[in-house]
Structures are given as C-alpha cells and as structure tokens.
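Since the structure comes first, as structure tokens, the remarks are kept for the end.
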Amino acid sequence: MAVARTADLTSPSGVRLRAYHPAGFRADHLPGIVYFHGGGWVMGDLETHDTLCRHLANAAGAVVIAVDYRLAPENPFPAAFDDAVAAVRHVAEISKELGIDPGRLAVAGDSAGGNLAAAVCLHAREQGGPAIALQCLLYPVLDAGCDTAAYTAFADGHGLTRDKMRFFWKSYLGTASPENPYAVPLAAENLSGLPPALVLTAEYDVLRDEGEQFGKRLVAAGVEVEMIRCEGVIHGFLHYAGAIRRGQSVLREVGQLIAARLAPGRNP
C-alpha cells in the first residue's frame, strides 16, 4: 500500500525505527503510533510488518513508527523492553520533527508487540512519562502461565500452538521472573492510571483469554477500554490480511477506532 513517504531513523541508543506518513493527510500535527511487531520476541523486523504498518498509517491517518527491537534468545528480557522504552522516548522527543502532535501519541503492537506496548505503558506511568494517549493491543501476549481455557481448547491446529508459546516465553524471559510486570504485564498488581486501551482478540487463539482478562482488569481499575473479539479467526490474522479477508476489514476498523480515540481535543 502506498503511503506519503517513509523514513528510516535510529534512536540515540541504536534502535532502528521506520516512520510511515499516511497518504492524503496534512504533514504536521498528526497523531502518532509507535508500533511493536509480533513474532514471539524471537522473529520479526521492520520488513515483516511493513505492509501492516502501511495499512495502519493510512487507516488511522497517523504517523506510524515501527520499532526494530532486539530479539531473543540472543537478547532476552529486558533487551526488547529496554528498546521499546527507548523508542517511545525518542519519538516523543522528536515528535514535532516527525509531524506528530505530542499530545496524541499512542503505542500499539500485535502478539509479543502487544506485550511490549502494555509494558511500556506501565513503565511510563511509573516514570511520569512520556505521555501516552492510547494503548492498542492486538491479540497480545500478557501471561506466561500458558494455562487458560483457550490454551486447552486451541493447543494445536490453530496456527499458534501452546508449545510454540512456551518456547517463546522461555526464550524471552531467560532468567527473569515471570512476576516482573514489565515482562509479564498481567502480573502487575495495579493497572490504574494507565492510558485508555483498545484490546483486540481472536476467537481461535491460545492468547484470547489473557487478552480479555487484561481488558477486564483495566476496566476494574478505572481505565477506559474497548474490547473486541474477532470471531472465526486465528492468531495473527491481521498479519495475514492478504489471505484472510477479515484481516483487511479489521485493520481498517482498528485504524478508524484509533483515529477517533486520538482526535484533536478528545478528552478520554
């Protein structure tokens, strides 16, 4: 998909970024979305999610900044988390140069990227910034237990398997504790004071239940949340939008929801 332009950047800490400017929108004062790709923390880069980021930029009318964080198992936690935090800080610092309204900066990610987006929000709350207006979590990985009802129902035969997720968690955590909320956001005791959230889950996905549990806990903590369960699809269906038509329509819907949430002057 054509966008207005792209630009490859590098943060002061060495994290590679790619900015996508949406087609058909003014080049300044746009919302911004820092995007973390999925892949179980062990796969993925700027190229694997290039198409998804292009679609999202145009659908949301936002500048999307993709993050090429370090991968496990060579770089276990907190490497990817540290890169995610550094990326959001850098984007916030140069937001005006990127044509982004600093008051309308969101974080988003699919699967393991959703984990990083949620963790960044927890860290920003504890550190007093940078300001994040929205967290968009697309079938996120949030619980290291791998023992929900969805894990039992869809352990095999639905794309992402229970054994794959156990491998991904082992690779990512290394020697880190599964009680560390920056690694396992669902382990956080307090979810109050976090940005409004859009939590999307897939019906036939081992990660479905933990995403919905996180959304419900956010609501209980007083956070504004919109939860969407996409029926009839598997994990990663947005990434496979070229083969799964539902992925294309949901990408447009997600972009429109983000645009509405980040509209100028909106008070969450």
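Here are the numbers:
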quantity: Segment 47-77 - residue that is touching a Phe, Trp or Tyr at 6+ places or on another chain (Cβ under 8 Å) and of a type in the set (Gly, Ala, Ser) and, of those, surrounded by the fewest Cβ atoms within 10 Å (Cβ to Cβ); calculated: GLY61
quantity: Residues within segment 10-37 that are more than 21 Å from ALA119 (Cα to Cα), of a type in the set (A, V, I, L, M, F, W, C) and either free of Cβ contacts under 8 Å to residues at least 40 places away in the same chain or buried (at least 16 other Cβ atoms within 10 Å of the Cβ) (or both), tallied; calculated: 4
quantity: One residue from GLY40, GLY44 being at pLDDT 95 or above, buried (at least 16 other Cβ atoms within 10 Å of the Cβ) and either under 19 Å from HIS90 (Cβ atoms) or out of contact with any Lys or Arg (no Cβ under 8 Å at 6 or more places or on another chain) (or both); calculated: GLY44
quantity: Residue within segment 75-96 that is assigned to a loop (DSSP other than H, G, I, E, B), under 25 Å from PHE237 (Cα atoms) and in contact with a Leu (Cβ under 9 Å, 6 or more places away or on another chain) present; calculated: no
quantity: Residue match in segment 193-211 (condition: exposed (fewer than 15 other Cβ atoms within 10 Å of the Cβ), modelled with pLDDT of 95 or more and over 25 Å from ASP50 (Cα atoms)); calculated: yes
quantity: Number of the exception - GLY103 against (1) of a type outside the set (A, V, I, L, M); (2) under 27 Å from CYS146 (Cα atoms); (3) not in a helix (DSSP H, G or I); calculated: (2)
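The values are calculated or read from the model by the stated rules, or taken from the named source; none is laboratory data. This one's a predicted model, so the numbers in the text were calculated from it and none came from an experiment. Note that each Cβ is placed from the backbone with ideal geometry, even for glycine, and that neighbours are counted across all protein chains shown.
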